[in-house]
Amino acid sequence: LQESNVSGFLAATSNMLCVLRPHPKLDVLVHVHDAKVDVRNDQLGKKALALTHADRRFMDRIIRVVDSTGRPASSAPDPKGMQEETTAWVGSDGWIRREFEVYLETFLASIAALADHYSTPHPHPTS
């Protein structure tokens, strides 16, 4: 992380030491269980952390699908008495998890593609 070519990183942990003594380069800390976002870098500004139109569409779709099922996702039928690992129905906990997985994977792939684009030298066109 001390290398000059490292401009950022994404990390996830359940270790409370990382929360109590965060890394100095940490800009944002997301507390998933508390639904809290701790912005540690004032230079990010509201625009950098604001939801995009695509983000809002994604969340609206999740909410619309879950609301249309007529029951909360956590009340999905579970005949075995254990958490269902597969998507039992659209709007279930498993479905929501998979939607977020795809959303985050797409986000990370976009960031990787941008990083690759900007780290690869591009020849200037000759006239």
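Within the range 12-34, track down each residue that is surrounded by 10 or more Cβ atoms within 10 Å (Cβ to Cβ) and either in a helix (DSSP H, G or I) or not acidic (Asp, Glu) (or both).
Passing the criteria: Cys18, Val19, Pro22, His23, Lys25, Leu26, Val28, Leu29, Val30, His31.
So, restricting to helices (runs of 4 or more DSSP H) that lie completely within the range 35-127, which ones have at least 1 residues that are open to solvent by 90 Å² or more (accessible area, probe 1.4 Å), among the charged types (D, E, K, R) and modelled with pLDDT under 75?
Those helices (runs of 4 or more DSSP H) span 45-49, 93-119.
The values are calculated or read from the model by the stated rules, or taken from the named source; none is laboratory data. On a predicted model such as this, the values are computed, not experimentally measured, just so you know. Using ideal geometry, Cβ is built from the backbone for each residue, glycine included, and neighbour counts are taken over all protein chains shown. Quick note on the areas: whole protein, heavy atoms, side chains included, nothing else; ligands and nucleic acids left out. Shrake-Rupley method; radii C 1.70, N 1.55, O 1.52, S 1.80 Å.
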